[in-house]
Each structure stands twice: as structure tokens, then as C-alpha cells.
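As C-alpha cells, the structure follows; a few thoughts come after it.
The values are calculated or read from the model by the stated rules, or taken from the named source; none is laboratory data. Owing to the predicted nature of the structure, the values given are computational and were not obtained by experimental measurement. Cβ placement follows ideal geometry from the backbone for every residue including glycine, while neighbour counts extend to all protein chains displayed. With ligands, DNA and RNA removed, areas are computed over all heavy atoms of the protein, side chains included. Shrake-Rupley method; radii C 1.70, N 1.55, O 1.52, S 1.80 Å.
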Amino acid sequence: IFKGNSGIQYRSFEVPDQKWLIGGYQADLEAGDNYSGILYGERFRGILARRGEKTIIGDDSKPRLVGTVGDADVIQANIKKEDWNDYHIVARGFHFVHRINGVVTCESTDEDRKNRRAKGLLALQLHTGPPMTVQFRNIYLKKID
């Protein structure tokens, strides 16, 4: 990514009456140093796990920190700026793990029975705002039981 903010949305939904808007779980990727690797709920509960965090999302829709998967600054140092990164997302049941370049960036379990999503759309985000360049390649999907 060059400038800006992007992400890979999974188990997502179309936002009613809003063309090209998708909401749901999102694996963030950005040119800055704050959000790459987090689990974000786009139009869907906000930040669910920050970089380095292990969370459980309760029935109140709020994430609760239950541990860590590493130091956020060390994880950030592993993410290449303005270069290709390997982003690996595992969504098994309601347990989610994000990895960038082989390093776990966050982990979360969604126990919010009312709002969690078992299925949905896959989307590649180009965030609204100033011009930016976002590129994706070598996308692989694997269904796991």
C-alpha cells in the first residue's frame, strides 16, 4: 500500500442503500503505523482486536482483552512499507487469526451471538479519501471445516 488505508473484508455484508459500501470483519492494512494487522468491524462494532492483542468479543458487542500475541511495535517492524506483504487470515468458526509475513498480528473469538457473522462477502477495500494506490495479488481461498 502506498499512502492511505485499506483492508481485506470477510464475512461482510452490503450496506443498505449505499452503493459500493461493505461492512463486516476487516483485516486492516495501511501505510502508517497504527492499524495494519488489526481486526476491525467495518460498519460493524469498530476495533475488535488491536495489533498484538488477543480478545474475546462478548454478548455486549465489546471486545475484552484476554492476552497478547506479541508486542505491537515488534509486529509493526515486520510489516514492509511500500512493498508486498503476505497477509494470512484464518476464520475458523468464530475464531479469527491475522498474520502478516508469518507473524500473528491479532487473534479474536467472537462470542456475540446476536451480531457475529458466520458467512458473507469477501471484499478488497479502497478507503474513501485522498488518492492512494492499493494493490493485491496472489489471492488464495481455502475452505476449512
Boolean, residue 27 is within 23 Å of residue 133 (Cα to Cα), of a type in the set (Gly, Ala, Ser) and either over 11 Å from the mean Cα position of the chain (by Cα) or open to solvent by less than 40 Å² (accessible area, probe 1.4 Å) (or both): yes
Total residues in region 30-56, condition assigned to a loop (DSSP other than H, G, I, E, B), open to solvent by 50 Å² or more (accessible area, probe 1.4 Å) and in contact with a Leu (Cβ under 9 Å, 6 or more places away or on another chain): 3
Qualifying positions in region 57-86 - crowded, with 20+ Cβ neighbours inside 10 Å and either closer than 20 Å to residue 117 by Cβ or charged (D, E, K, R) (or both): 57, 63
First in region 122-145 and under 14 Å from residue 88 (Cβ atoms), second anywhere and charged (D, E, K, R) and open to solvent by 80 Å² or more (accessible area, probe 1.4 Å), Cβ under 7 Å, 6 or more apart: 144/92
Hey, residue 17 out of contact with any Leu (no Cβ under 9 Å at 6 or more places or on another chain), at pLDDT 95 or above and either among the aromatic types (Phe, Trp, Tyr) or open to solvent by 20 Å² or more (accessible area, probe 1.4 Å) (or both) or not: no
Residue tally, condition assigned to a loop (DSSP other than H, G, I, E, B), under 27 Å from residue 3 (Cα atoms) and in contact (Cβ under 8 Å) with a residue 40 or more places away in the chain, over region 91-121: 0
